[in-house]
Protein chains: 2
Amino acid sequence: MNETAVKILDVGQELIQTRGFTAMSFQDIASQVGIKKPSVIHHFPSKANLGVALIQRYRDTFASQLDAIRTNPDKNAWDALEFYFSPYLQFAATPEKVCLCGALSGEVTALPEEMRVEVKHFMEDHQKWLETILNNGRKNDELNFNETPARLSRMIFNTLQGTLLVKRSTDDMSQLKDVIKVITHMLK
Amino acid sequence: MNETAVKILDVGQELIQTRGFTAMSFQDIASQVGIKKPSVIHHFPSKANLGVALIQRYRDTFASQLDAIRTNPDKNAWDALEFYFSPYLQFAATPEKVCLCGALSGEVTALPEEMRVEVKHFMEDHQKWLETILNNGRKNDELNFNETPARLSRMIFNTLQGTLLVKRSTDDMSQLKDVIKVITHMLK
DNA sequence: TTAAAACTACCTACCGTATGGTAGGTTGTC
DNA sequence: GACAACCTACCATACGGTAGGTAGTTTTAA
């Protein structure tokens, strides 16, 4: 992958996370990268193509990081959770930015089919990963909770995504920290 | 308010909740109402104007219903919560539909300023209303929880909004029921 | 070794379509 | 005669995407 292509993905991702896929245009990307619109299309021949490339890169990044933690025998459930929460905490510093797939989920009906399946996979990956953490954590007596891991993991994931969504229009950045605190309490 | 104007609001709301504000056009509304585009604009002279009217109507509907419950001495905290959760449960029957203000929050940066303040007020209203329920419920020994009502109410609201967001791309409608069950457990 | 061929990254110019919105007219009703 | 609701026709702008060309680099083969 070429340097310009990477820059296009970076700018495109930032634009989707702040403004949304529909509201983002090839022209916007071109301006910020410093090239002309057709040059962007030269690298990614359609908006759907660009969108899919973006989500796949996002998924891959997460997947490799999460797997590294999960397979590391020195890390326990709390390490894994702390790692998992850290990107969400970072969003507290950028009021208008949300998770890429949260942003896309909000406009999923306006998305090309190829992108929808990618978004869906991202969601499922995350919920499964969290479920595994909860399951193992309880087996090892590190975590303590009553609900089934399946339900609880879905709820935690939804809560984090929802908090990103809501903090955007309330300008209340403390919610992220608070919510993670409450979740942490629920697992003790 | 004229019959056609109401129809325009109805169709517009449905379109925002399923496709989003940016992706919705005057033309879409006109087609579904059965009139021509300029006639829609005759009733609502700009998209921002239509958007504001929509949110205000949505807020008013909720506010009056919620206040009716809150001020009714025959209703306790669990009645209020059940009532509060009911619209969310209805969303389980419409896979692509989310709360109007959740939808708008997802594209808040692409929204005209007048609409942003309305969305913000909606969020604040809901969080405050929930907070009051939690507060009174605990005072009357109906509800039982450890967190502060402010924090917990924000978390519950975010969780519900997040679940709407996520169910959209996962096609897993059972999440809404599950999440509400977990929340209910947290308050016992 | 070197020149033709192929490829890459980028450009200008353009096209069809859709958008929000305007101008101005028609019809029917208080 | 004023007004409301609706219409046709239009406008400027922005969009995703295409056509076709240029300059520079890389590959290939005599």
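Considering (1) over 30 Å from B:A110 (Cβ atoms); (2) touching a residue at least 12 places away in the same chain (Cβ under 8 Å); (3) surrounded by fewer than 16 Cβ atoms within 10 Å (Cβ to Cβ), the lone condition that A:E142 does not fulfil carries the number (3). All conditions but one from (1) under 22 Å from B:G20 (Cα atoms); (2) surrounded by 19 or more Cβ atoms within 10 Å (Cβ to Cβ); (3) within 16 Å of DNA strand C (Cβ to nearest atom); (4) hydrophobic (A, V, I, L, M, F, W, C) apply to A:A110; the one that does not is (2). On the basis of being facing chain A (nearest Cβ under 9 Å), closer than 17 Å to A:Q161 by Cβ and in contact (Cβ under 8 Å) with a residue 12 or more places away in the chain, does B:L152 make the cut? Criteria not met by B:L152.
In segment A:65-84, the count of residues that are within 14 Å of chain B (Cβ to nearest Cβ) and in contact (Cβ under 8 Å) with a residue 24 or more places away in the chain is zero. Every condition in (1) in a helix (DSSP H, G or I); (2) over 21 Å from A:A150 (Cβ atoms); (3) not aliphatic (A, V, I, L, M) is met by B:E147 except one, and the failing one is (1). If you go through segment A:17-57 and pick out every residue that is more than 14 Å from every other protein chain (Cβ to nearest Cβ) and away from DNA strand C (no atom under 16 Å from the Cβ), you end up with 4.
Among the residues of segment A:156-172, those that are at the interface with another protein chain (Cβ under 7 Å from one of its Cβ atoms) and more than 14 Å from the chain's Cα centre (by Cα) comprise A:V166, A:R168, A:S169, A:T170.
Any read-out appearing in this document is the output of simple, stated calculations on the displayed coordinates, not a laboratory observation. These numbers were taken from a predicted model, which means no experiment stands behind them. Neighbour counts run over all protein chains shown; Cβ positions are idealised from the backbone, glycine included.
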